[in-house]
1. State all residues of the stretch 22-39 that are in contact (Cβ under 8 Å) with a residue 60 or more places away in the chain and under 30 Å from the mean Cα position of the chain (by Cα); if no residue qualifies, say none.
2. Surrounded by fewer than 12 Cβ atoms within 10 Å (Cβ to Cβ) and at pLDDT 95 or above - does that describe any residue in the stretch 52-75?
3. Taking the stretch 150-162 on its own, how many of its residues are within 24 Å of Trp118 (Cβ to Cβ) and either more than 16 Å from the ligand (Cβ to nearest atom) or not in a helix (DSSP H, G or I) (or both)?
4. Could you list, in sequence order, the residues of the stretch 191-201 that are without any contact (Cβ under 8 Å) to a residue 40 or more places away in the chain, surrounded by fewer than 24 Cβ atoms within 10 Å (Cβ to Cβ) and part of a loop (DSSP other than H, G, I, E, B)?
5. In the stretch 191-201, what residues are within 10 Å of the ligand (Cβ to nearest atom) and within 30 Å of Arg58 (Cβ to Cβ)?
6. Out of everything in the stretch 251-307 that is part of a strand (DSSP E or B) and touching an Asp or Glu at 6+ places or on another chain (Cβ under 7 Å), what residue ends up being surrounded by the fewest Cβ atoms within 10 Å (Cβ to Cβ)?
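The values are calculated or read from the model by the stated rules, or taken from the named source; none is laboratory data. Small disclaimer: the values here were computed from a predicted structure and weren't measured. Here the Cβ is made from the backbone with ideal geometry for all residues, glycine too, and neighbour counts use every protein chain on show.
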Amino acid sequence: MWKRTLAGALMSLSAGAAAVDAAGFKDYVETLKAEAAEQGIKQSTLDSAFADIKLFKRAISADRNQPEFKKTLDTYLPQAVPEWKVAQARKLYKEHRELLEEIGEAYGVQPRFIVALWGIETNFGGYTGNYPVVGTTASLAYEGRREAFFKEQVFAALKIIDDGHITADKMRGSWAGAMGQTQFMPTSFLSYAVDYDGDGRKDIWHTLPDVFASAANYLKNVGWQYDQTWARQVRVTEPVAEELQGLEVKKSLAEWQALGVRKYDGGNLPNRADIEASLVFPDDADGRVYLAYANYDALMRWNRSHYFAVAVGYLSDRIKFPAIE
Ligand SMILES: [Ca+2]
């Protein structure tokens, strides 16, 4: 959930960053180990976690591989949510329906959003990243630009190994340390991961009940509303002042109606004074416009990207309509 904001923060790593060399990294790892031991991490955990550690220059330079191009939602959505992904989401929803509905009810999150997040984050567990998490987060801490943040991730990762949820060699993730089928950073794992199947391990890598419940538990904790959807696409019939745009401004649907906002098909908004929403323009004034509900904010807590929130929401809508038999 941090990875895209991280990508932004790491954009300028190559320019002006302190030199990163393997010898300095070795010394740095020794200080990390000493600090972790002081925090009470077992020696056996440290031995296994740091056994083959090396400096991941690839993690540090991964931002260079992120292509720069101008996207709009109209070009992005068909790439992020192609028809085969919609079909796969619906098939998997049906396949795991009983478990999903049980977890959805337990945490107060509609299951279609759990499946949509799963599909957008890791292609339903198909692509979870194969970097050793301790190695990449230690490398990014050593690089120094966001040392405090990544050191915290290293220590959180060690605690997860120490607690027996996963072994060091199997703790794999993205180049920025996002792990498993939910792509949780280690600190998010400590806060939100769930052992739903009750085997004593929170396994977001391979155990679907744990994967689904962990995602739902995260959303529940960032304010998910079970009785609401995520957003609706709308159109504006007259210019809306800039200070009224964006997630910080909440107004009722009745107020937005008075300001000239209409359903996408041009019809009136529901006459509700009790439902609040924000008016968001993920592209520019000529692009798509959404009235975003509280759950949109929750998705932005997961990953601070409008495109991410819209992709998850759009896929969840495609799971809901038409109804799965
Ligand atoms: Ca488990």
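1. If we filter the stretch 22-39 for residues that are in contact (Cβ under 8 Å) with a residue 60 or more places away in the chain, which is where we start, we get 24-25, 28-29, 32, 35-36, 39.
Phe25, Tyr28, Val29, Leu32, Glu35, Ala36, Gln39, listed by residue number.
2. No - not one qualifying residue is present in the stretch 52-75.
3. Adding up the residues that qualify gives 3.
4. Val194, Asp195, Asp197, Gly198, Asp199, Gly200, Arg201
5. From the stretch 191-201, those within 10 Å of the ligand (Cβ to nearest atom) are 193-201; that's our starting set.
Result: Ala193, Arg201.
6. Applying the first criterion (part of a strand (DSSP E or B)) to the stretch 251-307 yields 251-252, 261-263, 276-280, 289-292.
Of the ones still in play, those that are also touching an Asp or Glu at 6+ places or on another chain (Cβ under 7 Å) are 251-252.
Working: Lys251: 19, Ser252: 16.
Among them, the one singled out is Ser252.
This table checks each residue for (1) within 16 Å of the ligand (Cβ to nearest atom); (2) part of a loop (DSSP other than H, G, I, E, B); (3) at pLDDT 95 or above.
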| position | (1), (2), (3) |
| --- | --- |
| Ile103 | yes, no, yes |
| Ala138 | no, no, yes |
| Ala148 | no, no, yes |
| His165 | yes, yes, yes |
| Gln181 | yes, yes, yes |
| Phe189 | yes, no, yes |
| Asp203 | yes, yes, yes |
| Val211 | yes, no, yes |
